[in-house]
Amino acid sequence: MENKKILVTGAGGFIGHHLIKYLKKKKFWVRGVDIKFPEYEQTLADEFELLDLRRWANCLQAVRGVNQVYNLAANMGGIGFIESHKAEIVHDNILINMHMLEAARLNKIDKFLYTSSACVYPGYKQNSPDIAPLKEEDAYPADAEDGYGWEKLYTERACRHYYEDYKLKTYCVRFHNIYGPLGTYDGGREKSPAAICRKIAFAKTKDEVEVWGDGNQTRSYCYIDDCVEGIFRLIESEYHEPLNLGTDKMVTINHLVDIVANIANKRISKRYDLGKPQGVRGRNSDNTKLRQVLKWEPCVSLEDGLKLTYHWILSQIEKNR
Ligand code: NAD
């Protein structure tokens, strides 16, 4: 076993659970912390503690005896959730992140990784479907997603201050739409790929599927295996500025629906609901810096990743029938 001891917060969530599987394959000792256990599979963590990280004493307890922290815990969800729970999101996440940073400093943690988001990028750079890919420096002058995005941007700054003033080695990754099996696919917190897979899994051939907005909004999507590989490479680097982690293959939501319908082998038509939140009009990741820093970039194609995701969601639905 590697002698490093690692804490993953948000270990009951989608990315945290996959990250622990990845770190265990590499033979690290891992403690997972969350307010809930993973929903769909048992954790592989050596220890798993149920702790509410909005509370200072719980953060101190979480970091005891570890060398590295991957701080993923957050109150979050898809666009429907983050646009309607802004006060709750900023309250919970600022408490979690400031307490975790300070607990890491006091416990002389070697490395602290924070999971930020493409939601930090300004609205004025994302107002058409064919926008230029977003470079890390585009985050300023700031006009982040209201609520969730501002909280992420503020915590990025806090990580920078802790690095500069206290020499705590902080790392900030900006995820662009991570998806894959074992992610939330119903209940209101799911993201677009999971929601579309679920709707198509329930549909019969020739059915209509509801699409939020006009379907011409664009995004890029990154498969979960690439995501955990990327954050591990980042914490192993000496790069302490925020870094994009996503693919630079931009697709419309309409195209995403067509890919999933193909995978499901169903003929689907779309019904547009213009009243539903759709977020920014266009978003893509510029991976120039990612390639330089990590000497690597995400490689799972959208078609392959969606195939695995769709079949996992379908199996869950069939199991619950
Ligand atoms: P997730 O919701 O599946 O996981 C987050 C976990 O944090 C959940 O299990 C939740 O129970 C836990 N949590 C919430 N409040 C807590 C508290 N008070 N104490 C302890 N644990 C608490 O989300 P995810 O997709 O795995 O995201 C992980 C991180 O990556 C988050 O910080 C998120 O903001 C960030 N991120 C994710 C994406 C994405 O596409 N999935 C995109 C950008 C950023």
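Under 6 Å between Cβ atoms, at least 6 apart or on separate chains: pull out the pairs that start in region 86-102 with a residue that is of a type in the set (Lys, Arg) and end on any residue that is more than 10 Å from the ligand (Cβ to nearest atom).
Note: pairs meeting the criteria are 86/147.
Every residue in region 125-137 that is more than 16 Å from the ligand (Cβ to nearest atom) and more than 25 Å from residue 15 (Cα to Cα), please.
Within region 125-137, 125, 127, 128, 129, 130, 131, 132, 137 meet the criteria.
Inspect all residues belonging to region 216-229 and state whether any of them is surrounded by fewer than 18 Cβ atoms within 10 Å (Cβ to Cβ) and farther than 30 Å from residue 28 by Cα.
yes
In this structure, is residue 186 under 28 Å from residue 282 (Cβ atoms), surrounded by fewer than 22 Cβ atoms within 10 Å (Cβ to Cβ), within 14 Å of the ligand (Cβ to nearest atom) and assigned by TED's automatic domain parsing to the domain that holds residue 268?
Considered against the rule, which asks whether it is under 28 Å from residue 282 (Cβ atoms), surrounded by fewer than 22 Cβ atoms within 10 Å (Cβ to Cβ), within 14 Å of the ligand (Cβ to nearest atom) and assigned by TED's automatic domain parsing to the domain that holds residue 268, residue 186 comes out as yes.
Select the helices (runs of 4 or more DSSP H) contained entirely in region 232-321, then report the ones holding at least 3 residues which are of a type in the set (Val, Ile, Thr) and closer than 28 Å to residue 187 by Cα.
253-264, 302-320
Please enumerate the residues belonging to region 192-202 that are touching a helix residue (DSSP H, G or I) at 6+ places or on another chain (Cβ under 8 Å) and either more than 14 Å from residue 79 (Cβ to Cβ) or in a loop (DSSP other than H, G, I, E, B) (or both).
Answer for region 192-202, where residues must be touching a helix residue (DSSP H, G or I) at 6+ places or on another chain (Cβ under 8 Å) and either more than 14 Å from residue 79 (Cβ to Cβ) or in a loop (DSSP other than H, G, I, E, B) (or both): 197, 198, 200, 201, 202.
Output the residue which, of all residues in region 1-25 that are away from the ligand (no atom under 16 Å from the Cβ) and part of a helix (DSSP H, G or I), is surrounded by the most Cβ atoms within 10 Å (Cβ to Cβ).
Checking each candidate, the answer is 24.
Take the residues in region 234-278 that are surrounded by 14 or more Cβ atoms within 10 Å (Cβ to Cβ) and hydroxyl-bearing (Ser, Thr, Tyr), then tell me which one is nearest to residue 137 (Cα to Cα).
Here the answer is 239.
Quick check on this structure: which one of 166, 148 is within 13 Å of the ligand (Cβ to nearest atom), among the aromatic types (Phe, Trp, Tyr) and outside the structural domain of residue 279 (by TED's automatic domain parsing)?
The conditions single out 148.
Of all the residues that make up region 140-188, how many are out of contact with any strand residue (DSSP E or B) (no Cβ under 8 Å at 6 or more places or on another chain) and among the aliphatic types (A, V, I, L, M)?
Residues in region 140-188 being out of contact with any strand residue (DSSP E or B) (no Cβ under 8 Å at 6 or more places or on another chain) and among the aliphatic types (A, V, I, L, M): 4 in total.
For region 274-293, does any single residue satisfy the condition of being more than 17 Å from residue 179 (Cβ to Cβ), under 18 Å from the mean Cα position of the chain (by Cα) and in the same structural domain as residue 70 (by TED's automatic domain parsing)?
Looking through region 274-293, none of the residues is more than 17 Å from residue 179 (Cβ to Cβ), under 18 Å from the mean Cα position of the chain (by Cα) and in the same structural domain as residue 70 (by TED's automatic domain parsing).
Considering 132, 142, which residue is closer than 22 Å to residue 248 by Cβ and part of a loop (DSSP other than H, G, I, E, B)?
132
Residues that are within 8 Å of the ligand (Cβ to nearest atom), surrounded by 17 or more Cβ atoms within 10 Å (Cβ to Cβ) and over 21 Å from the mean Cα position of the chain (by Cα), at least 1 per element: which helices (runs of 4 or more DSSP H) completely within region 26-124 meet that?
56-63
The values are calculated or read from the model by the stated rules, or taken from the named source; none is laboratory data. What you see is a predicted model; the values in this text were computed from it and never measured. Backbone-built Cβ (ideal geometry, glycine too); neighbour counts: all protein chains shown.
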